1. How many residues are under 19 Å from the mean Cα position of the chain (by Cα) and open to solvent by less than 10 Å² (accessible area, probe 1.4 Å) if we restrict to segment 183-195?
2. Would you be able to say whether some residue in segment 70-91 is closer than 30 Å to residue 205 by Cβ, open to solvent by 10 Å² or more (accessible area, probe 1.4 Å) and part of a loop (DSSP other than H, G, I, E, B)?
3. Please enumerate the residues belonging to segment 102-115 that are over 22 Å from the mean Cα position of the chain (by Cα) and open to solvent by less than 10 Å² (accessible area, probe 1.4 Å).
4. Condition first: closer than 21 Å to residue 368 by Cα, assigned to a loop (DSSP other than H, G, I, E, B) and either open to solvent by 60 Å² or more (accessible area, probe 1.4 Å) or in contact (Cβ under 8 Å) with a residue 40 or more places away in the chain (or both). Now tell me which residues in segment 267-317 satisfy that.
5. Residue pairs, Cβ under 8 Å, 6 or more apart or interchain, first in segment 343-370 and farther than 15 Å from residue 326 by Cα and part of a loop (DSSP other than H, G, I, E, B), second open to solvent by 10 Å² or more (accessible area, probe 1.4 Å) and polar (S, T, N, Q). List them.
6. How many residues does segment 125-149 hold that are farther than 26 Å from residue 262 by Cβ, buried (at least 18 other Cβ atoms within 10 Å of the Cβ) and not hydrophobic (A, V, I, L, M, F, W, C)?
7. Quick check: is even one residue across segment 117-124 more than 30 Å from residue 185 (Cβ to Cβ) and open to solvent by less than 30 Å² (accessible area, probe 1.4 Å)?
Amino acid sequence: MGAQEPNGQERGTARRTLLGAAVLGAGGAVLGLPGAASAGERHGGGGYRNLPKPTIIGHRGASGYRPEHTFGSYQLALDLGADIVEAGDLVPTKDGHLVCRHEPEIGGTTDVAAHPEFAARKTTKVLDGVPTTGWFTEDFTLAELKTLRAVERIPANRPHNTLYNGRWEIPTFEEVLRWQDEQTRKRGKQVWIYPETKHPTYFRALGLGLEERVAKLLRKHGKDGKDSPVILQSFEPTSVERLNKLVGNPLVVLLSGADTRPWDFVATGDPRTVADLVTPKGLKWIASFAQGIGPTLDLVIPRDAAGNLTTPSPLVADAHRAGLILHPYTMRNENPFLPADFRKGTDPTGYGDAFGAFQAYFATGIDGVFSDNADTAVLARADFLAR
């Protein structure tokens, strides 16, 4: 990166120019890049492109400080300056309601293990090809899930968050939509949310299809349009394709490691990997039904064998040429989650040089980033804009 930016003045000029272009339209219409108009026109090219750039997305709320996917976490993300709140990861209950949990297995995110009345519900299931033992949302009614309380998912890294264990219940997606309206009124500006369909192929096989349920609730609350303040995302491209036929919302395909395959591809025999999807051809295909991608940060700047950042990949430029925005995931402050060259010591609960890492990623031209620590991300953005 230093070789590309030989002095501070050039680096600052490049960053201001890059960000100005992003504000004008990361899809490339202003930049004169091919493919941008079709993606923008298809879903209006409106609201989501007018968000601050780089956009700060509160990952599962403010999960660096509160148990994830709780109203405590969502509320704090807004208080800390997040432009969008990822509320939430959507999974169904036995009676068909959508609730917000990182995974359908809730042993690590709730106090279900402390409820003797649910001890017999513990079981092992194969979730996207992986045997998983625990308690699953699809084996509980909503009323039963409402008797549980959220707990910190990674206490080894965030022991202070355990202070809040048991304080909040599991929110439903409909409660989130009402909360969004309430917060918009209270704060005097539109609050945005960024829900994800979790394991849609798995749930469809159980007769609990997610996309239709999401669309029904969005229509009910008048949030299914091209300029609605709800961005929908999924790791399964076919789920996003299905959503594209049901709602007008902006849509994002999440992308894991380059050598992985989306589970819907595995289930249908599609041989493509994520490496195929991040080629110009793959990105053009994604742009035919979505407005953005959410790649893992390692697809933006790969790491070497020691975990240090290397040279940025062409993904940002290639995605912008296809008319797609990029919201990579996930920036966290703690040492284990940062690139090795930005860690400070080995304390798994200690903070590294998160500000330095943010600058490296922002400099690539990404349109936003998911972060567990929205306040750090907002300050890092201010630093970036000032250079």
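1. 4
2. Scanning segment 70-91, I find no residue that is closer than 30 Å to residue 205 by Cβ, open to solvent by 10 Å² or more (accessible area, probe 1.4 Å) and part of a loop (DSSP other than H, G, I, E, B), so the answer is no.
3. 112
4. 278, 289, 290, 291, 301, 311, 312, 314
5. If the second residue must be open to solvent by 10 Å² or more (accessible area, probe 1.4 Å) and polar (S, T, N, Q), the pairs left are 348/157; 349/157.
6. 2
7. Keep residues of segment 117-124 that are more than 30 Å from residue 185 (Cβ to Cβ), which gives 117-124.
Adding the requirement that they be open to solvent by less than 30 Å² (accessible area, probe 1.4 Å) leaves 118.
Yes; the residues of segment 117-124 include at least one that is more than 30 Å from residue 185 (Cβ to Cβ) and open to solvent by less than 30 Å² (accessible area, probe 1.4 Å).
Every residue, every condition in (1) surrounded by fewer than 20 Cβ atoms within 10 Å (Cβ to Cβ); (2) modelled with pLDDT of 95 or more, yes or no:
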site	(1), (2)
36	no, no
47	yes, no
59	no, yes
64	no, yes
100	no, yes
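The values are calculated or read from the model by the stated rules, or taken from the named source; none is laboratory data. Owing to the predicted nature of the structure, the values given are computational and were not obtained by experimental measurement. For neighbour counting, all protein chains shown are included, and Cβ atoms are generated from backbone atoms with ideal geometry for every residue, glycine included. Ligands, DNA and RNA are excluded from the accessible area calculation, which covers all protein heavy atoms including side chains. Shrake-Rupley method; radii C 1.70, N 1.55, O 1.52, S 1.80 Å.
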